[in-house]
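One structure is given here, and the rest of the page talks about it.
The values are calculated or read from the model by the stated rules, or taken from the named source; none is laboratory data. Here the structure is a predicted model, which means the values were calculated and not measured. We place every Cβ from the backbone using ideal geometry, glycine too, and count neighbours over all the protein chains shown.
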Amino acid sequence: MADSGGNPFFDPFNLMRFAPQTLTQDILRGWSLISITENNSSAPDTEKRIVEQESYGRQIGKLTDAVLCLIDDLPDDKRDAQAYVELAALKDRIDKLKAESATKRLNRWQDDLSLLKASDPAEYSRQIERLKAYLA
């Protein structure tokens, strides 16, 4: 190993403290596999605007919630239809995926705070104060 001359910034093992713990990056953010054209929509400009504001996932989620509410109002002997059971199971799986995603985002947030604490203590303190105010 090369001599760092006592300078901690030239010590590769010391530099590892500053490296992020998670190295992930979105590729083609905002890119979609769905193409809305005149071939599949009578009003593609309108549909594009709607999807920009209310994703298909959000729309389907609201419909799923509404259908499950309607199912809850059915008599007990009508609630066990296979389609209803599968819809409830699908919702449960989606809710678990959302919770896992939230946990991953919070873990990245913690990694970022650790990086700030080590590399920019003043900005770290400013962000901590903002978080305290938000949590209050």
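For this structure, a couple of remarks:
- For Q21: the one exception among (1) at pLDDT below 75; (2) part of a helix (DSSP H, G or I); (3) not hydrophobic (A, V, I, L, M, F, W, C): (2)
- All positions within the stretch 93-136 that are assigned to a helix (DSSP H, G or I) and either small (G, A, S) or touching a strand residue (DSSP E or B) at 6+ places or on another chain (Cβ under 9 Å) (or both): A99, S101, A102, S114, A118, S119, A122, S125, A133
Per-residue answers, yes or no, for (1) modelled with pLDDT under 90; (2) of a type outside the set (S, T, N, Q):
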| position | (1), (2) |
| --- | --- |
| N40 | yes, no |
| V51 | yes, yes |
| Y56 | yes, yes |
| L68 | no, yes |
| D73 | no, yes |
| L97 | no, yes |
| P121 | no, yes |
